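Just so you know, all these numbers are worked out from the coordinates, no wet-lab data involved. Given the structure is predicted, the values throughout are model-derived calculations rather than measurements. Cβ atoms come from the backbone with ideal geometry, glycine included; neighbour counts cover every protein chain shown.
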Amino acid sequence: MDGTYVGSIDQGTTGTRFIVFDHGGDVVANAYEKHEQIYPEPGWVEHNPVEIWENTQAVVTRALDDAGLDADQLAGIGITNQRETTVVWDAESGRPIHNALVWQDRRTTDRVEELEEAGRVEDIRAKTGLEVDAYFSATKTEWILDNAEPLKLQSSRAQDLRDRARDGELLMGTIDSWLIYNLTGEHVTDVTNASRTMLFDIHEMAWDDELLAEFDVPREMLPEVRPSSDEDYYGHTDPEGFLGAEVPVAGALGDQQAALFGQTCFDAGDAKNTYGTGSFYLMNTGNEAVTSDHGLLTTVGFQMSGEPVQYALEGSIFVTGAAIEWLEDVDLIDNAAQTAELARSVDSTDGVYMVPAFTGLGAPHWDGRARGTIVGMTRGTKKEHIVRATLESIAYQTRDIAEAMEADSGVETTSLRVDGGAVKNDFLCQLQADILGTEIARPVVDETTALGSAYAAGLAVGYWDTIDELRSNWQIDREFDPEMAAEEADRMYGRWDDAVERSLDWAREE
């Protein structure tokens, strides 16, 4: 396949990227575009799906143009996406009936509490592997169907949205489905994204009738669920469309599972942590769906064509990189690169702890009403202490997950593969190694989310023959070994739980 490449659409929380990879897994083209973050009310977060689709077309076109490539040089396209973010759109016009509700959105917290009070938590967890939380797509879809303005039919008669959905006129999907629909006209999702909806039984690998009834989501509006790497393809791009070529769309994974795949964590016990807007620590558990007793999620890791599903344990941390963005928003730093320099300029946080629970706390606490908290400040506290405390909070939250992961799996992680924007920060990587007492391995190609979906698509179209080829592509940029005494790390981590306790259950309606 000389002269051909694989493309990956990486649709994230803050923007959309298109990367073209060669056979060695190296980047040959790259373009990025941010989209607007919409905050209609406190705790509500929305995106405009039309803007996301327009940006997708723009970055694909720009990356190919910048690299001097033609679209017909793409052997296939993979998609990776912010997972639980939910869109409902009109099948005929292709127009969304409401903005997308983002995974961070907390507007359905009351509905979650109703489910808790009704004793539904264990049943839902048993089927889906998920905590009952506003994070997932089920309550978001329910909210859109309850609250979006009913669309007018040609007869000008308003019709109930659920009736329209039952008639096949409205479609629901996570962002992968939205992009696949716009690229190919097919209504499809992959097993990893389906597993994040809280509507999908991860043991039966099927949409669940009881869950659909609980949230009153018509089955007719749901996408077909396919393997993450699909030799039958999800569809092809329209040769008359913006690309001007018929390219197979053949791979899709939710962003964190894509990073697991891109980090070549193909075997049980392999683990990675992605430091993006939030952080997501996943461990491959093989063909076994391991139940968590420590606040972790059991989720689908990936599925290859014709092969059994591989499962994973996941620790979802809602805010890590977004905490660094907040430092910039409030003018404590000018850019993310400054954090290392400022943190190094002081020996410690001087007793300051920062809990970045801006959108509640995920694993292992699962408190949608927790809020961001800074404790331990004195008159002598400087911005350097707060910046350092913010970086430390990322390391502490990761240790929370690592300890839960070890307790649930019985596997001690001796090396953690890391990726995402924040791992460019050497100070953070060393701090993470110290707080965990574990080697941190940073790969040469840190765009592992995009790489994972490119691998999935490339395997499906025969661009790569085996996963062993992919293993040989993975190369270490730098390893960080623990330098801090374990007693000192334990002492620093020791008051983290006290700080978290003060952030819990803060957001209450008047």
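Points to keep in mind about this one:
- Packing-based order for 497-508, 436-447, 314-325, using average beta carbon neighbours within 10 Å, highest first: 314-325, 436-447, 497-508
- Rounded, prolate or oblate (a/c below 1.5 giving rounded, otherwise prolate when a/b exceeds b/c) for the stretch 341-487 by Cα gyration tensor: prolate
- Length available on full extension from Ala126 to Ala485: 0.36 nm per residue minus the Cα-Cα distance, which gives 125.2 nm.
- Computed from phi, the 3J(HN,Hα) profile of the stretch 198-213 under the Karplus parametrisation 6.51, -1.76, 1.60 (θ = phi - 60°) reads 6, 10, 10, 7, 6, 8, 7, 6, 7, 4, 9, 4, 5, 5, 4, 5 Hz, with x in place of Gly and Pro.
- Straight-line cross-link partners of Lys34 among the lysines, defined as a Cα under 26 Å from its Cα and at least 8 positions apart when in the same chain: Lys140, Lys272, Lys424.
- Restricting the stretch 206-312 to GluC sites (Glu not before Pro) that sit in a DSSP loop and have at most 16 other Cβ atoms within 10 Å of their own Cβ leaves Glu231, Glu240, Glu246, Glu288.
- Summary of the geometry: the stretch 237-256 and the stretch 40-100, compared by the centres of their Cα atoms, lie 11 Å apart.
- At an R0 of 51 angstrom, the distance between the Cβ atoms of Ala245 and Thr378 translates into a FRET efficiency of 0.25.
- Gyration tensor (alpha-carbon) shape descriptor, the stretch 421-510, a/c threshold 1.5: oblate
- Rh (Kirkwood; distinct C-alpha pairs) - the chain, Å: 23.1
- Each of the peptides 258-264, 51-57, 428-434, 388-394 was scored by the mean count of other Cβ atoms within 10 Å over its residues; in descending order, highest first, they stand as 258-264, 388-394, 428-434, 51-57.
- Entry note, the chain: the mean residue ellipticity at 222 nm calculated from DSSP H runs of n ≥ 4, each adding -39500 (n - 2.57), is -10000 deg cm²/dmol after division by the residues and rounding to the nearest 500.
- Rounded to whole Hz, the Karplus (6.51, -1.76, 1.60) HN-Hα couplings of the stretch 437-454, x for glycine and proline: x, 9, 5, 10, 10, 9, x, 4, 8, 8, 7, 6, 5, 5, 4, x, 6, 5
- Treating r as the C-beta distance of Asp334 and Asp160 and R0 as 51 Å, the FRET efficiency rounds to 0.50.
- Shape of the stretch 136-275 from the C-alpha gyration tensor: oblate (a/c of 1.5 or more and a/b not above b/c, with a ≥ b ≥ c the square roots of its eigenvalues).
- The stretch 373-510, dipole about Cα centre (Lys/Arg Cβ +1, Asp/Glu Cβ -1), debye to the nearest 20: 640
- Distance (nanometres) between label positions extended 7 Å along Cα→Cβ at Val50 and Thr414: 5.6
- Put simply, the stretch 378-433 fits an ellipsoid with semi-axes of 27, 15, 7 Å; these come from the alpha carbon gyration tensor as the roots of five times its eigenvalues, largest first.
- Per-pair calculated FRET efficiency, R0 = 35 Å: Glu149 and Arg62 via Cβ, rounded to 0.05: 0.50
- What you get for the chain, charging only the Cβ of Lys and Arg (+1) and of Asp and Glu (-1), is a dipole of about 980 debye around the Cα centre.
- Checking every one of the GluC sites (Glu not before Pro) in the stretch 86-143 against DSSP loop status and a limit of 16 other Cβ atoms within 10 Å picks out Glu92.
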